[in-house]
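Q: There's a structure below that I have some questions on.
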Amino acid sequence: LAPKMNKFLNRTIEKDPITRKPRYGEKAMIRVKQAIRAYKALECGLSGVFQDETNSESTDQSSLVSNLRKQVQSWEEQMNEQRRVKQTQEQIELERIANEKLLAEKREKEQRLLEEQRKREEELELSRRAEEARRRRIEEEQLALAAEREADANLLSLVPTKGPEGVREQIEKMRQALEDDRPALDVALGSLYTLFDQITRKPEEVSFRRVRRDHPKFNEDIGRHVGGKEVLIAAGFRLETLDGVKCFFSKEPNIESDMNGWSDWFDGLKKTSQVIEEEMIK
C-alpha cells in the first residue's frame with residue numbers, strides 16, 4: 001500500500017501544468033486525504049506492535065484493533081454522511097427542477113388562457129362593431145327609403161290634375177320659372193316632345209316608356225326645371241323601380257285583354273304630345 005499512498009500524497013500537491021489547478025477536485029481531495037490518514041493510522045498501529053514486544057501483546061493488539069475500528073467507523077460515517085448530503089442535494093435539485101417545470105407549465109397555461117380570452121374579447125368586439133354597423137346601415141337605408149318615399153309623395157302632390165290639362169298646367173309653371181331663359185324652355189319642350197313622339201310611334205318599345213330618374217341628359221334638359229318631372233306624372237307616368245333602377249315608367253295596358261284601357265292610354269299620350277307641340281309654338 002505504501003507506493004500507492006505515496007502516489008496519492010504526491011498528487012495532492014501537484015498542479016495541472018496547463019490550468020495550474022490541483023489535480024483532484026474538492027470532493028476527491030477530501031476522500032484521498034481521509035484515505036491517507038487511515039493508512040497512516042494503520043501504519044502507526046502496526047509499527048507499534050512490532051517495536052514494543054515487551055508490552056502485553058494481547059493488550060496492545062486489542063488497543064490497536066479498537067483504534068483501527070474507530071478510525072474505520074469514523075471514515076465510514078463520514079462517507080455515509082457525504083453520501084447522505086449528496087443524495088439530499090440531488091433530491092433538492094430534482095425537486096427544484098420539477099417545481100420549475102411545473103411553474104413553467106402553469107405560466108404557459110395561464111398565458112394560453114389569457115391569449116384565448118383576448119381572442120374571444122376581440123371576436124366579441126368585432127361582432128359588436130359589425131352588429132352596430134349593420135344596424136346603422138339598416139337605419140340609414142330605412143331613413144333614405146323614407147326620404148325617397150316622402151320626396152315621391154311630395155312630387156305626386158305637386159300634380160293634382162292628370163291628363164292633357166295637367167300637362168298644360170305643369171308646362172305653364174315651367175314657362176313662368178324660365179321666363180328669363182327662353183333657350184332652356186325650348187330645350188325642355190323639345191326634349192319632352194321627342195320623348196312622347198317616340199312613344200306614340202312605337203308604344204311597344206319599353207325603353208321609350210322608361211326614363212331613368214338619375215339620367216344626366218334627362219335632368220339637364222327637363223328634370224332640373226320646375227314642372228319638368230311633373231309633366232311626366234301628369235301624362236300618366238308612374239314612379240317605379242325596374243331592375244333596381246328608379247324610373248318614370250309609362251305602363252302599357254294589355255291590348256288583348258283590355259282594349260279600351262289600351263286605347264285610353266295611347267290617346268292620352270297622343271294628346272300630351274299635341275299639348276307640348278302647341279306650347280312649343282307659343
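Q: Provide 208, 266, 248 ordered by accessible surface of protein heavy atoms (probe 1.4 Å), highest first. Walk me through the numbers on the way to the answer.
A: Numbers: 208 60, 266 35, 248 0 Å².
Listed by decreasing accessible area, they come as 208, 266, 248.
Q: How big is the charge dipole of the chain about its Cα centre, in debye rounded to the nearest 20, if each Lys and Arg gets +1 on its Cβ and each Asp and Glu gets -1 on its Cβ?
A: On the way: 53 positive and 56 negative charges, 556 e Å.
Charge dipole, the chain, about its Cα centre: 2680 debye, nearest 20.
Q: Still on this structure, please answer the following. So what is the accessible area of the chain per residue, in Å², with the probe set to 1.4 Å? Present the calculation step by step, with values, prior to reporting the outcome.
A: On the way: 20390 Å² over 282 residues.
The answer is 72 Å² per residue.
Q: If you don't mind, there's one more thing I want to ask. Give the relative contact order (percent, whole number) for the range 210-264; include only Cα pairs under 8 Å separated by 6+ residues.
A: Numbers: 46 pairs, mean separation 17.8, N = 55.
Answer for the range 210-264 is 32 percent.
Q: With a 10 Å cut-off between alpha carbons and a GNM built on the chain, which of 153, 235, 98 moves the most?
A: Looking only at 153, 235, 98, the largest GNM fluctuation is found for 98.
Q: Another one. Charges on Cβ only, +1 for Lys and Arg, -1 for Asp and Glu, centred on the Cα centroid of the chain; of 151, 219, 79, which one is farthest towards the dipole's positive end?
A: Most positive-ward Cα: 79.
Q: How high is the relative contact order of the chain? Use alpha-carbon pairs under 8 Å, at least six apart in sequence, and give a whole percent. Can you show the working numbers first?
A: Working: 187 pairs, mean separation 41.6, N = 282.
15 percent.
Q: Another question about this same structure. Of the options 232, 253, 263, report the single residue whose Cα projects farthest towards the positive end of the charge dipole of the range 218-282 (beta-carbon charges: Lys, Arg +1; Asp, Glu -1).
A: The residue sitting most towards the positive pole is 232.
Q: Nearest 10 degrees is fine. How inclined is helix 182-201 to the longest principal axis of the chain, computing both from alpha carbons?
A: 90
Q: Leaving out ligands, DNA and RNA, what percent of the accessible area of the chain is carbon and sulfur, probe 1.4 Å? Walk me through the intermediate numbers first.
A: Values: 10600 of 20390 Å².
Whole-percent figure for carbon plus sulfur exposure: 52.
Q: Go through the range 108-212 and name the trypsin sites (Lys or Arg not before Pro) that are in a DSSP coil and have 15 or fewer other Cβ atoms within 10 Å of their Cβ. Each step should come with its number before you reach the end.
A: On the way: sites: 109, 112, 118, 119, 120, 128, 129, 134, 135, 136, 137, 149, 162, 168, 173, 175, 201, 209, 210, 212; in loops: 162.
Taking the range 108-212 and a limit of 15 other Cβ atoms within 10 Å, the loop trypsin sites (Lys or Arg not before Pro) found are 162.
Q: Shifting gears a bit: Just the Cα atoms of the chain: what Rg and Dmax do they give in Å?
A: 58.6, 171
Q: A follow-up question, please. When the Kirkwood radius is taken over all Cα pairs of the range 133-266, what Stokes-Einstein diffusion coefficient follows at 4 °C and 1.567 mPa s, in µm²/s?
A: Numbers: Rh = 16.2 Å.
So the translational diffusion coefficient is about 80 µm²/s.
Q: Can you pull out the GluC sites (Glu not before Pro) in the range 214-282 whose DSSP state is coil and whose Cβ has at most 14 other Cβ atoms within 10 Å?
A: Numbers: sites: 220, 230, 240, 256, 277, 278, 279; in loops: 256.
The qualifying sites are 256.
The values are calculated or read from the model by the stated rules, or taken from the named source; none is laboratory data. Since the structure is predicted, the reported quantities are computational estimates derived from the model, not experimental observations. Every residue, glycine as well, gets a Cβ built from its backbone with ideal geometry; the counts of neighbours run over all protein chains shown. Note: accessible area is taken over every heavy atom of the protein model, side chains too, but ligands, DNA and RNA are not part of it. Shrake-Rupley method; radii C 1.70, N 1.55, O 1.52, S 1.80 Å.
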